[in-house]
Amino acid sequence: MSDKKFSLANDKSTPLYKQIAFHLREQIMSGKLRPGDRVPSEKEIASYFNVSQITSKQALSLMSDENLVIRLKGKGTFVAGRNGTDILHSIHSGFNGIVGIIFPSITMPIESMLFFQVQSRLHVKGYQTLIRVTEDIMEKEVEAIRMFHLFGVRGFIVFPVIDENYNEEILKLSLNRFPHVLVDRYLPSITNSSVTSDNFNGTMDVVDYLLSAGHEHIALITQADSNSNTREREAGFEKVFLERALSIDKKYWLYLKRNTKLDDEALKERIKSFLRTYPQITAVITIDTVLARLVYASVYEIGKRIPDDMTLVSFDDPKLPFVPYIEQNIPAIADKTVEMIIQQMEGTYAPRREIIPVTFIRDVRYPSPEGL
């Protein structure tokens with residue numbers, strides 16, 4: 001609300017506090033005030049509506065009785081969960097507590113599977129969950145952590161956004177020794193618990209396989225935004241060339257920035273231009289399934305075929321014929337993540353990093369996909 005005074009309706013049949021509650025309720029239902037948002041204080045409401053503080057207190061008490069807001073002593077009043085549910089009360093209803101799960105996205109199958117398995121395992125163990133998807137935006141990740149604190153979560157499972165800058169809220173979790181586990185990525189130089197796949201050795205296996213098959217010009221197509229995953233995969237690529245005393249030519253590395261599906265055609269044009277510029281490339285490694293599918297389509301659009309003219313390898317299964325892939329062990333990642341967060345919440349806060357082995361799946365014979 002602004003500092004400008006607001007005049008209530010001249011309706012003597014409806015008490016002022018009910019008119020104020022109705023106005024705030026509309027703000028919540030319209031989405032202007034969202035779950036976790038701070039509601040103006042009694043003093044601020046009194047000033048805004050030009051009423052006494054007793055009246056504003058009655059309005060907030062009415063909204064609290066309706067489970068529309070949560071009033072936390074010494075902290076303020078905040079919008080409760082949707083459908084009139086007060087999530088804080090779930091702690092006292094037979095559950096062991098609430099765990100906040102923060103994902104950058106759940107658009108790729110690997111993300112959806114991991115999300116489902118982590119949440120299911122927590123529910124089996126007696127924990128309720130709050131979920132937030134950040135769309136790989138740092139501000140949304142910060143907001144989610146702060147909001148979940150208000151709802152009384154006992155721990156956090158965070159899939160950090162792709163960003164070189166550290167989230168100050170994650171740093172605070174570490175400094176305050178608040179239970180949290182980072183999944184899929186980790187933050188170097190910060191002491192956190194984390195669970196990741198063995199990106200380094202997985203990539204080494206692929207590059208070694210391609211070199212042994214006689215490929216001399218191997219391309220790496222990856223994301224422009226770097227994170228611990230991409231850095232480890234790039235390091236694994238380099239390590240094999242170093243061990244074989246081969247020079248590595250990074251002109252065969254293509255960095256792509258992917259934001260939305262609307263970018264797919266533009267990305268394919270860049271990939272096709274890249275492949276035409278370097279026709280000597282006979283093998284391509286992609287960092288994820290979305291890039292794998294874009295490369296697959298691009299190869300066919302420039303008149304080549306997989307695997308006859310080019311070998312394509314992906315991280316995770318892109319469901320494409322004759323495309324080997326590195327398989328991450330999703331059940332093991334989920335098991336370890338849940339084990340670590342419960343250990344921190346119920347026992348000892350002892351940060352550690354867990355690396356889950358991967359498997360290189362070489363023989364893939366899916367039917368040809370439609371629409372590529």
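Suppose we keep only residues that are at pLDDT 95 or above and assigned to a helix (DSSP H, G or I) within segment 271-291. Which one would you say is most open to solvent (accessible area, probe 1.4 Å)?
That would be R276.
Which one is nearest to P15 (Cα to Cα) among residues in segment 45-61 that are open to solvent by less than 40 Å² (accessible area, probe 1.4 Å) and among the hydrophobic types (A, V, I, L, M, F, W, C)?
A59
Look at S112 and say whether it is free of Cβ contacts under 8 Å to residues at least 12 places away in the same chain and either in a helix (DSSP H, G or I) or buried (at least 17 other Cβ atoms within 10 Å of the Cβ) (or both).
yes
With respect to A266, is the statement that it is small (G, A, S), open to solvent by less than 10 Å² (accessible area, probe 1.4 Å) and not in a loop (DSSP other than H, G, I, E, B) true?
For A266, the condition - small (G, A, S), open to solvent by less than 10 Å² (accessible area, probe 1.4 Å) and not in a loop (DSSP other than H, G, I, E, B) - is not met.
So which pairs qualify, if the first residue must be in segment 151-165 and on the phi > 0 side of the Ramachandran plot, the second must be modelled with pLDDT under 80 and surrounded by fewer than 21 Cβ atoms within 10 Å (Cβ to Cβ), the Cβ gap must be under 6 Å, and the two must be at least 6 apart or on different chains?
These pairs meet every condition: G152/L88.
When you look at V142, is it among the β-branched types (V, I, T) and touching a Pro at 6+ places or on another chain (Cβ under 9 Å), yes or no?
Here the answer is no, as V142 does not meet what is asked.
Determine, yes or no, whether I306 is touching a strand residue (DSSP E or B) at 6+ places or on another chain (Cβ under 7 Å), part of a loop (DSSP other than H, G, I, E, B) and closer than 23 Å to S212 by Cα.
yes
Given T203, T134, T107, which one is within 13 Å of the chain's Cα centre (by Cα), closer than 25 Å to I361 by Cβ and hydroxyl-bearing (S, T, Y)?
T107
If you check L150 against the conditions, is it under 24 Å from the mean Cα position of the chain (by Cα) and either closer than 20 Å to P324 by Cβ or open to solvent by 10 Å² or more (accessible area, probe 1.4 Å) (or both)?
yes
Kindly indicate which of T222, T260, T230 is at pLDDT below 95, polar (S, T, N, Q) and under 15 Å from L312 (Cα atoms).
On inspection, the qualifying residue turns out to be T222.
Quickly run through segment 90-106 and pick out the residues that are modelled with pLDDT of 70 or more and assigned to a loop (DSSP other than H, G, I, E, B).
Of everything in segment 90-106, those that are modelled with pLDDT of 70 or more and assigned to a loop (DSSP other than H, G, I, E, B) turn out to be N96, P104, S105, I106.
A quick yes/no check of all residues on (1) at pLDDT 95 or above; (2) open to solvent by 80 Å² or more (accessible area, probe 1.4 Å); (3) among the basic types (K, R):
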| site | (1), (2), (3) |
| --- | --- |
| I330 | no, no, no |
| M340 | yes, no, no |
| A350 | no, no, no |
| R353 | no, yes, yes |
| I356 | yes, no, no |
| F360 | yes, no, no |
| R365 | no, yes, yes |
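Please work out which residue is nearest to the chain's Cα centre (by Cα), limiting yourself to segment 22-36 and to residues that are surrounded by fewer than 17 Cβ atoms within 10 Å (Cβ to Cβ) and within 16 Å of M147 (Cα to Cα).
Ranking the candidates gives R34 first.
What number of residues within segment 242-254 satisfy the criterion of being closer than 24 Å to Y186 by Cβ and either touching a Cys at 6+ places or on another chain (Cβ under 7 Å) or surrounded by 14 or more Cβ atoms within 10 Å (Cβ to Cβ) (or both)?
Residues flagged as closer than 24 Å to Y186 by Cβ and either touching a Cys at 6+ places or on another chain (Cβ under 7 Å) or surrounded by 14 or more Cβ atoms within 10 Å (Cβ to Cβ) (or both) within segment 242-254 amount to 1.
Is it true that D136 is open to solvent by 20 Å² or more (accessible area, probe 1.4 Å), closer than 30 Å to L275 by Cβ and assigned to a loop (DSSP other than H, G, I, E, B)?
For D136, the condition - open to solvent by 20 Å² or more (accessible area, probe 1.4 Å), closer than 30 Å to L275 by Cβ and assigned to a loop (DSSP other than H, G, I, E, B) - is met.
The values are calculated or read from the model by the stated rules, or taken from the named source; none is laboratory data. The shown structure was predicted, so the numbers you read here are calculated from the model rather than taken from an experiment. Cβ sites come from the backbone with ideal geometry, for glycine too, and all protein chains shown count toward neighbours. SASA here: full protein model, heavy atoms, side chains in, ligands and nucleic acids out. Shrake-Rupley method; radii C 1.70, N 1.55, O 1.52, S 1.80 Å.
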